[in-house]
Structures are given as C-alpha cells and as structure tokens.
1. Using θ = phi - 60° and the Karplus relation 6.51 cos²θ - 1.76 cosθ + 1.60, list the HN-Hα couplings for the range 91-102 in order, rounded to whole Hz, with x at every Gly or Pro.
2. Give the carbon-plus-sulfur fraction of the accessible surface of the chain in %, rounded to a whole number; probe 1.4 Å, heavy atoms of protein chains only.
3. 222 nm [θ] for the chain, helices only, -39500 (n - 2.57) per DSSP H run of 4+, per residue, to 500?
4. I need the calculated FRET efficiency for the pair residue 158 and residue 122, taking r as the beta carbon distance and R₀ as 45 Å, to the nearest 0.05.
5. Among the trypsin sites (Lys or Arg not before Pro) in the range 150-210, which ones are in a DSSP loop with at most 15 other Cβ atoms within 10 Å of the Cβ? Mind listing them?
6. I'd like to check one number: the per residue accessible area of the range 77-210, probe 1.4 Å, reported in Å² as a whole number.
7. So for the chain, taking the charge dipole from beta-carbon charges (+1 Lys/Arg, -1 Asp/Glu), which of 167, 111, 50 sits furthest toward the positive end?
8. Using a 10 angstrom Cβ neighbour count of at most 15 plus a DSSP loop assignment to flag exposed GluC sites (Glu not before Pro), which longest range of the chain is free of such sites?
Amino acid sequence: MEIQFETALQLLFSFFIGSAMGLEREYRSNAAGLRTMIMICIGSTIFTEISIAISDSSPDRIASNIITGIGFLGAGVIFKDGLSINGITTATTIWIVAALGMAVGAGEYFVALMGSIVVLIVLSLFENIQRLIVRIHQARSYKITFVEDLTFVAALERELTKLKLRFHKARDIKNENDYTVLYEIYGREEKLETLNVFLKATPQVKSYEY
C-alpha cells in the first residue's frame, strides 16, 4: 500500500477548515454544527480526490454532483417560522464549506485558505453590522386577527402613524367570527417592539404574528 502524504495533508487541512466553520456555527447554536461541517468538508475533499483519480478525460464528473447533493442537504436546514424564513445563512455555509473542501481536494490550497478566512469574517464580524442595521431599520410582515370591530383598523393605523412606522396593508380577510389583516410594517426595532406592546394590550386582538 502506497502512503500518499499529500492526500493525508489534504484531509487534515479539510478537517481544520470544517472545524473552524463548525465551531462558528456551533457557537451560534445553529442546526448544522461542528460535526456536520467537518463531515461535509472532508466528504467534499474525498469526492474531489476520487473524481480526479478515476477519470482522466472528465475529472469534474463526480465533483459536479457534489453541488447538487449539497443543495438538497442545505435545503433541509431552511424552515419557516411564522411569517419568517430561517436557516438560509446555515444553508449557504454548508454550500461554501463543500466548495472549500472541493478546493482542498483539487489542490487549490490558497483558494481554500483565503476562502475560509473571508467566510469566517463574514460569519463573525458582519454579524455585529447586521444587528446594528436591524436595530436601525426592520421590515416585518404582521398577521393580526381581531374580533369584529371595524374601528380597530383605524386605531391600529393611528398607532402606527404615532410611532412613525411606515406601513402597507397587504391583505384583508373576513373569517366567520373575526377579521385578519396582513400589514407590511417598516421602522426601528424599538418602535416595532412598542407596537407589539400595543397589540398585546388591545382587547380586540385575538392573535398576531410576524
């Protein structure tokens, strides 16, 4: 059996890249954590190495299918929570970790190293920038169900105007015993939280979500 030190180093390099990405995701308690990222990265490296080893004419044959398989895996961590969709960042992290593993398997170590650094910067440092933007401005889709009291909508829109929130009524639904309205509301996070307090304290409101 021939010992291939380069292959061993590729797998070790892939392990460290997957560990770095996995630790960042694990720290934020995401669905795809440490072990998942390590296995994705090492698996992509192995598939790329095998693809190059067994095919002289078309070495990208197996590697190209990694992208399709990772797409299905990434879709599994995206889920709908109320009117919001979560898990997209984790899904894209899975996608880029597979790309980094493929780069290692193809011997493109500089691409893999620099790509890992850039991804870690985006996932860690840009989180604070994103939080700052969220505090300054948010766009929320509200679904509000209330009893049959047509004066509520007018009162709600007066409250939105008082809070200096921009809004647009997207839908108006009449059920058997109540009404449901869907609003697109934009503004500062603190103002939106004040709106939530108003909705909780209003007796006509049966339920709301965003």
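The values are calculated or read from the model by the stated rules, or taken from the named source; none is laboratory data. Since the structure is predicted, the reported quantities are computational estimates derived from the model, not experimental observations. Using ideal geometry, Cβ is built from the backbone for each residue, glycine included, and neighbour counts are taken over all protein chains shown. For accessibility, only protein heavy atoms count, side chains too; no ligands or nucleic acids. Shrake-Rupley method; radii C 1.70, N 1.55, O 1.52, S 1.80 Å.
1. Listing the rounded values in order: 4, 5, 5, 4, 4, 6, 5, 4, 5, 5, x, 5 Hz.
2. Working: 8010 of 12870 Å².
Using a 1.4 Å probe with all protein chains present, the chain comes out at 62 percent carbon and sulfur.
3. Numbers: 7 runs with 131 residues, N = 210.
Calculated mean residue ellipticity at 222 nm is -21500 deg cm²/dmol.
4. On the way: r = 42 Å, r/R0 = 0.93.
After rounding to 0.05, the efficiency reads 0.60.
5. On the way: sites: 158, 162, 164, 166, 169, 171, 174, 188, 191, 200, 206; in loops: 164, 188.
Loop-located and lightly packed - 164.
6. On the way: 8020 Å² over 134 residues.
Result: 60 Å² per residue.
7. 167
8. Working: sites that count: 2, 108, 148, 176.
Counting only loop sites that pass the neighbour cut-off, the longest clear stretch is 3-107.
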